[in-house]
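Report on one structure; see the data block that follows.
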Amino acid sequence: MSDCCSEIEEVHGPKRRILWIALVLNLIMFFVEGIAGWLAQSNALMADALDMLGDAVIYGFSLFVIQLAPIWRTRAGILKAVIMSVFALGILGSVIYRVSHQVVPVATTMGIVGGMALATNLFCAYLLLRFRDDDVNMRSAWLCSRNDVLANLGVLLAAAGVAWTGSHWPDLAVGVIIAGLILQSSFGIFKDAKLEISNGRATDKQY
């Protein structure tokens with residue numbers, strides 16, 4: 001039993017540590033972006049904050065299933081795809097609300113906080129990069145981190161657009177793009193999970 005536990009720790013230990021780091025950093029940035037987005041009246045920052053919260057949930061799931069059998073890690077991928085879709089729909093709902101309550105956000109706050117989030121997520125994406133092809137569990141975690149980087153770049157573009165035009169529309173447009181990016185990734189994870197489950201069943205039938 002001791003040898004078995006040692007082998008599991010050797011295989012999954014680095015992944016677990018990286019997932020914990022990503023989880024903690026995403027929770028911190030969720031609060032930072034959420035508060036800043038509310039104060040700056042920025043839909044893009046609020047959308048990115050929700051994305052961070054969703055990713056923290058995904059990392060938590062990844063940690064929970066990392067030592068389970070491959071089939072359970074794959075099934076967890078389907079659940080994570082559903083969670084990502086729910087958060088994306090929540091972001092779209094926020095955009096619809098902001099359209100009817102037009103407020104020009106504070107571009108400076110968007111730029112500063114968006115830059116902080118970008119640096120954080122580039123670090124997380126770098127840590128997760130080498131594990132992205134291991135299984136659906138780690139691939140979904142890496143996709144979340146990659147999406148965060150793209151979303152942060154979108155927030156910076158939105159900040160520049162708001163500062164240039166003095167309008168709230170660049171901010172809203174980035175919110176829609178972030179939601180679309182999350183939905184696209186969730187569909188990809190769902191597809192990969194279904195394929196792995198189908199391949200596993202096919203292998204079982206051969207034996």
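Quick note: the coordinates plus some simple rules give every number you see, no bench work behind them. Note that the coordinates shown come from a computational prediction; the quantities given were computed from them, not determined experimentally. Using ideal geometry, Cβ is built from the backbone for each residue, glycine included, and neighbour counts are taken over all protein chains shown.
Of the residues 52, 110, 116, 138, the one with the fewest other Cβ atoms within 10 Å heads the list, and the complete ranking is 116, 138, 52, 110. Taken one residue at a time, the phi angles of region 103-117 give Karplus couplings (6.51, -1.76, 1.60, θ = phi - 60°) of 9, 7, x, 8, 5, 4, 4, 4, x, 5, 5, x, x, 4, 5 Hz. Gly and Pro are set to x. Phi angles across region 180-190 convert, under the Karplus curve 6.51 cos²θ - 1.76 cosθ + 1.60 with θ = phi - 60°, into 3J(HN,Hα) values of x, 5, 5, 4, 4, 5, 5, 5, x, 5, 4 Hz, Gly and Pro given as x.
Charge dipole (Cα centre; +1 on Lys/Arg Cβ, -1 on Asp/Glu Cβ; no other charges) of the chain amounts to roughly 360 debye. Given the C-alpha centroids of region 95-122 and region 134-158, what is the distance between them in whole angstrom? With region 95-122 and region 134-158 each reduced to a Cα centre, they are spaced 17 Å.
Near the amide H of residue 167, within less than 5 Å, lie no amide hydrogens of residues on another chain or at least 5 residues away, with H placed in the peptide plane. In sequence order, region 170-178 has phi-based couplings of x, 5, 5, 4, 5, x, 5, 4, 4 Hz under the Karplus curve 6.51 cos²θ - 1.76 cosθ + 1.60, θ = phi - 60°, and Gly or Pro positions carry x.
Here 155, 86, 65 are placed in order of increasing Cβ neighbour count within 10 Å, fewest first, which gives 86, 65, 155. Simple rule: put +1 on each Lys or Arg Cβ and -1 on each Asp or Glu Cβ in the chain, find the dipole, and look at 160, 127, 180; the Cα lying farthest toward the positive end is 180.
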